Amino acid sequence: MNAKFEGWPHVVKTQQFSREWLESTLFPLADEEGRRFRMHDAGKPLVGKEMVSLFVGESLRTRARFEIAMKRGGGDVIFVSPDAKRTSSMAKGESLEDTIGILNEFGADVIVLRHDEEGGAARAAAVSEIPIINAGDGPGQHPTQAFLDLYTARKYFGKIDGLHFAMMGDLTGSRTIHSLIYLVSRYPGVRISLVSPENHRIGSNLIEHLEECRVVHRELRDIREVASEVDVFYQTRIQTNLGTQAWDRADVSQGFTIINKEVLDLAKKNAIIMHPLPCLNEIVRGEVDDDLRAVYIKTRGERISQVRCGLFITSALLRIILSQEA
Ligand code: NCD
């Protein structure tokens, strides 16, 4: 547990993290947190630790999982600013750097930051002595979501090596996909189908990264072409709040990137359907939710949902950061 990463203990982007750290530190600790959750174990590993939660931009899951994980672990959430652009002095024009500097003066053990601009987390980390966790920075990255996404897929397949991922939807604007691509490309034999309409294609920097890592990948517009070969369907919504143009999904000439019964009928019996949420119309919920392969929201017995996996990963990450170990 002593490898140190570039930028650590800030968590800004997934390129910071190695496969070895995920497999030997984060995921085993998340398993332990899962056991603690099931046993209603009152162990309080975060006693005496303090978190600040600063959210510029909308959130339910991410903010909730950090605040709940912190409190359940016995730590304190000492300051919460859920709509910081409106309710903090950012509304008066105060810079992100000053905001972070002031919070540093009050002291805390970790600051969880969602920001509405790409690069926000890196700017905050550059001026903060307190660890910054990037909870999403505009269309940039969302590393903790990628940790939980990978952890969820690993739970279902027992490995990541050799899996075929279909990354779908808004590949231009989805920070969860941007973060996830860097992580999955660390695993040998992974294959990625990038399924989006023409005007939501993945950025060329990520294609270059996949090429450098020799990850087998292909861009396409119609999920039905590969649905029978995919292990993990990773769907995303069109990020209209981050500036992506909406498009008419009914116009299939632009692409077929929904998940519906037709796609389920083509899919493998042991495939899983994931989504970072919120989910709008890109999954036909009435046709997909009851299928066991839909793991995004609901836990069914041993089939733990992506949302719940997120809580375990968050608890594990906070334990690691707050004990200052990697
Ligand atoms: C995602 C986000 O905010 O990037 N949601 C989340 O954190 N669970 C995805 C999205 O907003 O579409």
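The values are calculated or read from the model by the stated rules, or taken from the named source; none is laboratory data. Worth saying up front: this structure is predicted, and the values here are computed from it rather than measured. Don't worry about glycine lacking a Cβ; one is built from the backbone with ideal geometry, like all the others, and counts go over all protein chains shown.
Of the candidates THR87, THR99, THR144, THR62, the single residue that is buried (at least 20 other Cβ atoms within 10 Å of the Cβ) and more than 16 Å from the chain's Cα centre (by Cα) is THR99. Of all residues in segment 310-321, those that are in contact (Cβ under 8 Å) with a residue 60 or more places away in the chain have Cβ atoms under 6 Å from Cβ atoms of residues that are away from the ligand (no atom under 15 Å from the Cβ) and acidic (Asp, Glu), 6 or more apart or on another chain, in PHE312/GLU33; SER315/GLU33; ALA316/GLU33. The set of residues in segment 1-24 that are over 18 Å from the mean Cα position of the chain (by Cα) and under 17 Å from LEU150 (Cα atoms) comprises GLU20, SER24.
Residues that are within 16 Å of the ligand (Cβ to nearest atom), touching a helix residue (DSSP H, G or I) at 6+ places or on another chain (Cβ under 7 Å), at pLDDT 95 or above and under 30 Å from LEU292 (Cβ atoms) do not occur anywhere in segment 217-226. When the residues of segment 259-283 are filtered to those that are in contact with a strand residue (DSSP E or B) (Cβ under 7 Å, 6 or more places away or on another chain) and among the β-branched types (Val, Ile, Thr), which remaining residue is farthest from VAL195 (Cα to Cα)? So the residue we want is ILE272.
For segment 200-291, which helices (runs of 4 or more DSSP H) that fit wholly inside it have 3 or more residues that are more than 18 Å from the chain's Cα centre (by Cα) and of a type in the set (D, E, K, R)? In segment 200-291, the matching helices (runs of 4 or more DSSP H) lie at 204-212, 261-266. When residues in segment 287-301 are screened for being away from the ligand (no atom under 16 Å from the Cβ) and basic (Lys, Arg), 2 of them pass. With respect to (1) within 16 Å of the ligand (Cβ to nearest atom); (2) in contact (Cβ under 8 Å) with a residue 40 or more places away in the chain; (3) under 20 Å from GLY57 (Cβ atoms); (4) not hydroxyl-bearing (Ser, Thr, Tyr), the lone exception for MET168 is condition (3).
Collect the residues in segment 26-56 that are of a type in the set (A, V, I, L, M, F, W, C) and not in a loop (DSSP other than H, G, I, E, B), keeping them in residue-number order. Hits for segment 26-56 are LEU26, PHE27, LEU29, ALA30, PHE37, MET51, VAL52, LEU54, PHE55. Just the residues that are of a type in the set (Phe, Trp, Tyr) and surrounded by fewer than 18 Cβ atoms within 10 Å (Cβ to Cβ), please, taken from segment 65-84. Of everything in segment 65-84, just one residue is of a type in the set (Phe, Trp, Tyr) and surrounded by fewer than 18 Cβ atoms within 10 Å (Cβ to Cβ), namely PHE79. Each residue in segment 279-309 was checked for being under 15 Å from ASP149 (Cβ atoms) and not small (Gly, Ala, Ser), and 9 pass.
Take HIS115 and decide whether it is touching a helix residue (DSSP H, G or I) at 6+ places or on another chain (Cβ under 7 Å) and farther than 25 Å from ARG308 by Cβ. Yes: the conditions hold for HIS115. Please determine, by comparing only the residues of segment 129-139 that are touching a strand residue (DSSP E or B) at 6+ places or on another chain (Cβ under 8 Å) and assigned to a loop (DSSP other than H, G, I, E, B), which one is farthest from the ligand (Cβ to nearest atom). Going through the qualifying residues, I end up with ILE130.
Does at least one position in segment 292-304 carry a residue that is in contact (Cβ under 8 Å) with a residue 40 or more places away in the chain, assigned to a loop (DSSP other than H, G, I, E, B) and aliphatic (A, V, I, L, M)? The answer is yes; a qualifying residue exists. Inside segment 234-255, residues that are closer than 22 Å to LEU180 by Cα and buried (at least 16 other Cβ atoms within 10 Å of the Cβ) make up a count of 8. Go through segment 149-185 and give me each residue that's among the hydroxyl-bearing types (Ser, Thr, Tyr) and assigned to a loop (DSSP other than H, G, I, E, B). Passing the criteria: THR172, SER174, SER185.
The set of residues in segment 231-286 being more than 16 Å from the ligand (Cβ to nearest atom) and at positive phi consists of GLY255 alone.
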